[in-house]
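The values are calculated or read from the model by the stated rules, or taken from the named source; none is laboratory data. The model shown is predicted, which means the values in this text are computed figures rather than measured ones. Here Cβ is always computed from backbone atoms with ideal geometry, including for glycine, and neighbour counts include all displayed protein chains. Please note that ligands, DNA and RNA were not included when accessible areas were found on the heavy atoms of the full protein model with its side chains. Shrake-Rupley method; radii C 1.70, N 1.55, O 1.52, S 1.80 Å.
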Amino acid sequence: MPNSPSPPRRTALVVDDFQDTADLLAELLDACGFDTAIAHDGEQAIQMANLLHPDLVLLDIGLPKGSGLEVCSRIRHELWGAGARIVAVTGQDLSTMRQPLIDAGFDEILAKPCSFRDISGVLEAQKH
């Protein structure tokens with residue numbers, strides 16, 4: 001009986017200015033079947049997103065060289081960006097940030113520190 005082909009790996013972009021946080025999220029996504037890239041500032045995030053066209057973006061809000069709000073908005077204005085799932089990952093006060101995040105085009109918002117359960121929920125939603 002022939003082996004069934006593996007499903008294509010999805011691409012994820014993790015954007016966080018803290019190296020340890022970015023590495024941890026990238027390792028988790030890689031273990032879940034994503035080809036994962038990391039960016040540490042807004043400019044790098046936009047460049048990498050336009051190059052990779054990721055299926056999923058985990059995006060910190062407080063970044064050097066451009067905020068996560070700006071990065072999300074710029075991705076959403078790209079033809080490929082409408083189909084990407086963009087998740088805000090922030091330590092900022094969500095009582096004041098929720099509406100600006102929604103307006104920028106984020107699909108979901110996670111508060112830092114994120115748990116494995118939080119990320120698992122994002123990945124489950126990504127399948128649908």
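Numbers for the structure displayed
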quantity: Candidates Pro64, Pro54, Pro113: whichever shows maximal mean-square fluctuation once the chain is modelled as a Gaussian network with Cα springs under 10 Å; calculated: Pro113
quantity: The stretch 68-128: chymotrypsin sites (Phe, Trp or Tyr not before Pro) falling in loop per DSSP and having at most 16 other Cβ within 10 Å; calculated: none
quantity: Computed lengthening from Gln99 to Arg117, 0.36 nm per intervening residue step minus Cα-Cα distance; calculated: 4.1 nm
quantity: Derived scalar couplings ³J(HN,Hα) [the stretch 42-52; Karplus, 6.51 cos²θ - 1.76 cosθ + 1.60; whole Hz; x for Gly, Pro]; calculated: x, 4, 5, 4, 5, 4, 5, 4, 5, 7, 8
quantity: Charge sum, other residues only, whose C-beta stays under 11 Å from Lys112's C-beta, Lys/Arg counted +1 and Asp/Glu -1; calculated: -3
quantity: Given (i) 15.6; (ii) 14.7; (iii) 14.1, the label whose value is Kirkwood radius over Cα pairs in Å derived from this model; calculated: (ii)
quantity: Within the accessible area of the chain (1.4 Å probe), percent carbon and sulfur; calculated: 54 percent
quantity: Dipole magnitude of the chain about its Cα centre (Cβ charges: Lys, Arg +1; Asp, Glu -1), debye to nearest 20; calculated: 380 debye
quantity: Neighbour net charge for Thr11 - beta-carbon separation under 14 angstrom, K R +1, D E -1; calculated: 0
quantity: Local electrostatic count, Arg85, Cβ distance below 9 Å [Lys/Arg +1, Asp/Glu -1]; calculated: -3
